[in-house]
Structure formats: C-alpha cells, structure tokens
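These notes concern the structure reproduced below.
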Amino acid sequence: MQGQRGVSRFFPYFLIAPALLIVFLVILYPTLFSFWLSLHENRRRDLIYVGLENFQRILANQNFWDGLGRTAIYGVFYIGLVMVFGFLLALLFHRGIKFGGVFLTIVFIPWMLSEIVAGVMWRWMFLPERGVLQNLFGPLLGDYSFLGEGAGAMSVVIAGTVWRGIAFSLLLLLAGLQTVPGDLGEAASIDGANRWQRFWKITWPLMLPTTQVTIVFLTIQAVNAVGMFLSITDGGPGRTTEVVSLQMYKQALQFNNFGFASAVSVLMFFLNAGLALVYINGMRAQNALD
Amino acid sequence: MATNVSQTESLVGHGVETTSRSRSWWSRNGAVVLMVGLCLVLLFPIFYTFITSLQPRGFGNSVQLFREGIYWGHYEQLLSTPRFMRNILNSGITSVGGALLTTVTCALAGYAFSRIKFGGRRGLLLLLLGMIMLPGIVNLIPLYRLSSDLLGSVPNGVTLFGDTSARQFVNYLLVIGVYGAFGIPFGVWVMKSFYDSIPRELEEAAAVDGATPWIALLTVIIPISLPGLVAVFLTNFVFNWNDFLTASMLIRSDELKTATVALLDFQNQLTGNNSELLNAASILIMIPGIVIFLLARNAFFRGFVEGAVKG
C-alpha cells in the first residue's frame, strides 16, 4: 500500500523529522554519551579517560551490591503485590460490578499523584510520634518505629508504591482480559467446568502474554524507582533503603561523581534494554507492528 | 460526552444480574461492599493529608484533630507566598510546553507511521517501542552533564524580559524539550493506533477534491483526531506536572524550581512541627492532576490502553 498518488517520497520523512530529531537529541545521544562518560572520571572540571576503572570500582564496591540486594527485595514485594492486587481487581472489574466506573476511577487516583506528593503523604502517616498510622500500628508491634527501622522503612515505601502502582497493572491486565474470548468460558461451563477450572485452564494461559508484559513494565519501574524512596526515607535509616537507582541519583547530584553514576547507568541501561527486548518480542508476536 | 461514557463502559463489564434473584444478599453485593472498603483504604492517605492541612500548626496530630475548628490559614499563607506561586507557575509553563511539543510532533509522526509504508518504518517503530521502556533516570545522568555545558555557554546576567535571564530562558526550553521528548515514544504509538481507526476514504476523498497530502492531513484528519490529540496532551500534561526527576536534575536556578522539587526541598528543610503547612502544599500541588483526570478520565484510559496494549 503505497500512499496516495502524487505524494512526494519525502512526505513521511518530513512528518517524522521533528519527533525523531527531538528524540535523538534528548534520548539517543545522551544514552550514547553515557557510555563515553562511564569510561571517564571527574577530576576538578576535566574528564579524564580511565577505561573500565569505574566498572571495576563498582563491582568491587560492597555498597553497590548491597543496593542491588535492596532493589531485589523491594522489587519482589512491589511486583508481587501489585500483580496480585491488579489481577484480582481486573478479574472483578471484567466480570462486572455495580458502580464499576466509579470504583475504577477511584483506584486510579493514587496513580495521578506525583511520587513526591505521594511520598510526603506516606512519610507523614508514619512520622515518629505524630504519624497517624505510626500511632495506630506502632504500639501494637511493641512500640515499633516504622521509619526508624530498616525493614519498617522499606515496608512503608513498598506500601506507598504499591498503593500508587495498582492502577497501572490493573489497566494493563483489564485491557488484556478483553482479548480473552468470552464464549470459550461459556463453552467450558456447559461442559461442567467450575469457575476455578475455567480460570486456570482458559483465562490464565490466554492472559500469559499480557501478564509477561505487565511484569516487564513493573520490573522496570522497580529497578528505576527513585521518587518515593527520596521523599519517604531518603535512603535511611542509615543506608537500609538505599536502592541502586537512589545511589545513582545521589552519586550524580550530590557528589558530582559522573563517571561512577554513568557506569551504574550503563549497567542499568543493559538491564532495561534486556527487559525491553522481552517486551518488544511479545509485541511482535502479537503483530502489533503492522 | 457520549464517547467518554463508552470508554469506561467498554473497560468495565456490566453487573451480573441474570441469576441474582435466587442468591443471597451477600453474594449479590459482597463485591460492592469489598470495593467500597478498598476505595476507602485507597483514599485514606489523601483524606488524611487534607484533614491535616486544615489544622493549625502543630495540631495535625491524630488525637487533637479539629480542636480549633477548621483552619484555612495554611492555604492562605501558601497562596500569598510569591515563591510558592512561582513554583506552581514553573510547573505549569514546563508541563504545558512539554505536552504541546509532544502532541504536535506525535500528531505528525503518528500519521506517517499509520498511513505510509516508507523505508525504515518498521525499524523506527521498534526503536520508539524500545524507548518507551528506557526510564528517565538512565538518560538523565548524561543529560545533567550535557545541560551543564549548555547552560554554561549561555552568557550570565543577560536579561530577556521581565526578570528572566537568558540562562533561565534556555533552562525553561531545556526542560520543555526533555518533557516533550520523553512523551514522544509512547505518544507516537497512541496517535498511530488512533489514525489506524480512521477510514482511509477520508483522505482519498480529499485527494479527489484536489487537496495535497499536507492540506488533507491538516484540514481533514487532524480535526477528527482531536480526541486522540487531547488524550495525548492531557496525559502528558499530568505526567509532566507530576515529574520530579527531570526537574530536579535539569533546573539550576531557585526561581525556576517546579512545585514537586520545591515540595521535597520544603520537607527536607522542615523545622518544628510544621507538617500541616507541608500537607496543605501537597494538596494544592495534587489538585490540577486529579481534576484533569476526573474530567477527562476516559481520555486517560483510552490513550493508555491504545498505546500500551493494542499497539
């Protein structure tokens, strides 16, 4: 299907030029620049070539591995909880519920907040001595101070980000459920399959591609989370909530340590690019590109 | 707003009414009760923040709420603080600018990707798809460094208009450009799938009438694509309004700080028991995003579903 008769060959390229130019300047070029930057080190105002030294230092740095471990712990809880809540809600909304539009809208409101606003709110609810949830749950757990303990602080961040993230997985999964043909389920129920069997034998396998895509998106969110960690704990108490993405942000912004931060960002780039490939393969399988 | 209703209706199934007569009240309404409970839990943080913001300084404690009645002083104080209003204005300028840039560029590029088979089309689409997955933090580190060089090259002390210096003006443009760019990979996909749903006969009719492709696009296609364009603009506006990372890394002048950056600064510098004022600021900052979402929620659902799922 060539375009209309008489259309200049250059017409499509004029159309895409502005978008591609901006994307090249702001996304592609800086990403390539970060590869170059990761091989250099800041000394005074100059960048000096140091080869792979930044990477060697990162891989030998216990803080980095600790941060990666915290990211993993956070990610498992975040992805697990958001998926479970998202899936249950998606099934409920898909089956149909009175006032479904109102409920869906309300579930979405937390996602419409800035991570910083959301973080300020969650920090306030768990603030030592003054926070309402701290005062409610703290005494029950033997005067536990949520933001004063590593596990407690991580729990608050997990709770806050899950609270904000449910809407995201819900909408992806809900849209995916719409592609599951309803008559399959009806046929199965005529054959005597109960609701539980219908879910595992029909809905779940057909939803697997959507589930994978959702998990890929959530993993990227978890690996790159910065905003709510900054606004709820700022990495504390001590370094107990200092995930890798927060380390990178702080190295660059507070310590001007660009070589180091870029090296971390290059490692993160490969992690994200790997995940992106999984996603793109899924989209290709669905023939979304034609 | 007939189209608005249909989008949510199409996402949410209709209540199961067929066999409800014979079942107990709980099995008919249990899900609704559960959802009401869940919604109350989900709204609680916002509700509590609002309650807190209506207490005088030091009284936003769970045991002494409303001892002094409703106190609007924090809002009065914030709305009459020039620095806070400037932060809000900065958020507005950069969010609108970025969303406009995204919308205009995606309106053009999405059309090419939807209608015309050109060399490199598939590869470029894949590239954009990959970029959806590249989060801001990874290219903000190099952007931070590059922007230092860019801003450093603008002579300091040159005033352009009002009290805005040339360097601040470039800083605004920089943030707008980055916001605009971050919205493009997803926006192109949304617009492509929107154009895919418009029948080709429209352009063909215009071509028969002698319209050039540019004229047909601008006078026939763009006007009926308004819902798609509005969806792209509004989702990007809210996304930019809520952004913290980009603004915190790329804005170098205190006067240009956006509301979210200022809010975190405020929390970090908080002295004494002044959480009530902080909570009032949170409420004011969240209002635009929530209001736009509530008014145009179907634009959000539509853009999101079309871009991310249907491709």
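About its Cα centre, the dipole of the range A:47-285 is roughly 320 debye, where the only charges are +1 on Lys and Arg Cβ and -1 on Asp and Glu Cβ. Which percent of Cα pairs goes in each bin when the distances of the range A:79-146 are cut into 10 angstrom slices starting at zero? So the P(r) values, bin by bin, are 18, 29, 33, 19, 2.
Hydrophobic, long helices, defined as DSSP H runs whose alpha-carbon span along the helix axis is 18 Å or greater and whose mean Kyte-Doolittle value is at least 1.6, occur in chain A at A:11-23, A:150-177.
Spin-label pair B:Ser148-B:Val41: with each label point 7 Å from Cα along the Cα-Cβ axis, the two points sit 4.6 nm from one another.
Spacing of the modelled spin labels on B:Ser197 and B:Glu76, each 7 Å from Cα toward Cβ, amounts to 4.9 nm.
A straight line joining the Cα centroids of the range B:70-134 and the range A:171-240 runs 27 Å. For the peptide B:196-203, the mean number of other protein chain Cβ atoms found within 10 angstrom of a residue's Cβ is 1.
Straight Cα distances below 30 angstrom link B:Lys257 to the lysines A:Lys250, with same-chain residues fewer than 8 positions distant left out. Legend: mean number of C-beta atoms from other chains within 10 angstrom of residue C-beta atoms, peptide A:82-90, equals 1.
Taking one quarter of the surface of the C-alpha convex hull of the range A:14-80 gives a mean projected area of 8.0 nm².
Assign one of three labels to the protein assembly as shown, namely rounded, prolate or oblate, based on the Cα gyration tensor with a ≥ b ≥ c the square roots of its eigenvalues; rounded applies when a/c is under 1.5, prolate when it is not and a/b is larger than b/c, and oblate otherwise. Because its axes are fairly even, with a/c under 1.5, the protein assembly as shown counts as rounded. Ranking A:Ile58, B:Leu124, B:Gly183 by Cα position along the charge dipole of the protein assembly as shown, where only Lys, Arg, Asp and Glu carry charges on their C-beta atoms, puts B:Leu124 farthest toward the positive end. Please work out the FRET efficiency for the pair B:Arg57 and B:Thr164, using the Cβ-Cβ distance as r and a Förster radius of 45 Å; give the result to the nearest 0.05. It comes to 0.85.
Counted without the sites themselves, the longest stretch of chain B free of GluC sites (Glu not before Pro) in a DSSP loop having at most 13 other beta carbon atoms within 10 Å is B:69-311.
In nm, what is the difference between 0.36 nm times the number of residues separating A:Ala188 and A:Leu25 and their Cα-Cα distance? Write out the running numbers ahead of the final one.
Details: separation 163, 0.36 × 163 = 58.68 nm, distance 5.37 nm.
Extending this stretch completely gives an extra 53.3 nm.
Extension gain for the segment A:Ala60 to A:Ala72, taken as residue separation times 0.36 nm less the Cα-Cα distance, is 2.5 nm to one decimal. Computing FRET efficiency as 1/(1 + (r/R0)^6) for A:Arg9 and A:Tyr144, where r is the C-beta to C-beta distance and R0 is 51 Å, gives about 0.15.
Between the DSSP loop rule and a limit of at most 12 other Cβ atoms within 10 Å, which GluC sites (Glu not before Pro) in the range A:44-131 are left? Answer by residue number: A:Glu129.
About its Cα centre, what dipole magnitude does chain B give when the only charges are +1 on Lys and Arg Cβ and -1 on Asp and Glu Cβ, stated in debye to the nearest 20?
600
Percent of Cα-Cα pairs per 10 Å bin, from 0 to the last occupied bin, for the range B:83-310, please list those. Per 10 Å bin, starting at 0, the Cα pair percentages come out as 7, 28, 30, 22, 10, 3, 0, 0. Structural size metrics of the range A:66-224, computed from C-alpha coordinates, are Rg and Dmax of 18.8, 59 Å.
Read the figures in this text as sums done on the coordinates, not as results from a lab. What you see is a predicted model, and the numbers here were worked out from it, not measured in a lab. All Cβ positions, glycine included, derive from the backbone under ideal geometry; neighbour counts span all protein chains shown.
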